[in-house]
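Novice: Okay, handing you the structure first.
The values are calculated or read from the model by the stated rules, or taken from the named source; none is laboratory data. What you see is a predicted model; the values in this text were computed from it and never measured. With ideal geometry, Cβ positions are generated from the backbone for all residues, glycine too; neighbour counts draw on all protein chains shown.
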Amino acid sequence: MSLPENTSYASKAAPYMQQAIKSTDNAVKSMEKFGKTLPSPKSIDVSKYRKLANRVSNSSRNVSRAPSSGPIATTNVGVQTTPYNGSTRYEGVHPGVDLANKIGTPIPSFTAGKVIGTDFGYKQGDKGYGNYVIVQDPQGNKHRYSHLHEIFVNIGDEINKGQEISTMGNTGSTYSLSGGTGSHLDYRVQDMYNKYVDPNQFIN
């Protein structure tokens, strides 16, 4: 398995966290200064506030995205480089997951169902999903597999869970921050009401 070839961007909440940390730090410094000027032996003990400020500052270094489904994981398809509800260059909130691997990596269907949509003929740099396949499962959920290289199914096909339906590619709006090809699978799921749901429940 190759190294990840795409990376999600930092959460938009990070600047607000930094501002909060700066304000907390300034308040602690003011308290320290005030404490030094008091003649009373009962001067304010600001050490506990300093510890709190340091703890908040250290926590902020780990804020890089806003996943709702746990840590980044490795699957048999690739490395998860953008978690559910993370962010990318094109989406502030990415309603699917990105799994990165080399072009041509086999992609199985994560569910049994019927193929209800396909599109082909795209290249890297074209707008949107690129080459994709949509599979509808028996519960009405629609599973979209995007940025594909090859597609092995047609609309109307009945498929089994685990059946190879395509290969990974970099068609459509894909990019890499590390100089790679940008090859990855964008996998997202909408329920019967067209509401996005966490796709990790199907991957796992």
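Novice: How many residues does the range 151-204 contain that are of a type in the set (S, T, N, Q), surrounded by 13 or more Cβ atoms within 10 Å (Cβ to Cβ) and more than 21 Å from N141 (Cα to Cα)?
Specialist: 8
Novice: Would it be correct to say that T105 is within 15 Å of N76 (Cα to Cα) and out of contact with any helix residue (DSSP H, G or I) (no Cβ under 9 Å at 6 or more places or on another chain)?
Specialist: Answer is yes for this residue.
Novice: Considering only residues that are under 24 Å from D157 (Cβ atoms), in a strand (DSSP E or B) and within 20 Å of the chain's Cα centre (by Cα), which ones fall in the range 98-107?
Specialist: If the condition is that a residue be under 24 Å from D157 (Cβ atoms), in a strand (DSSP E or B) and within 20 Å of the chain's Cα centre (by Cα), then L99, I107 are the ones that fit.
Novice: What's the total number of residues in the range 89-103 that are under 22 Å from Q163 (Cα atoms) and crowded, with 22+ Cβ neighbours inside 10 Å?
Specialist: Total meeting the criteria: 6.
Novice: Please go through (1) modelled with pLDDT under 95; (2) closer than 18 Å to Q190 by Cα for Y90 and return the number of the only condition it doesn't satisfy.
Specialist: So the condition that Y90 fails would be (2).
Novice: May I pose another question? Any idea how many residues of the range 104-142 are under 25 Å from Y175 (Cβ atoms), buried (at least 17 other Cβ atoms within 10 Å of the Cβ) and of a type in the set (A, V, I, L, M, F, W, C)?
Specialist: Number of matching residues: 4.
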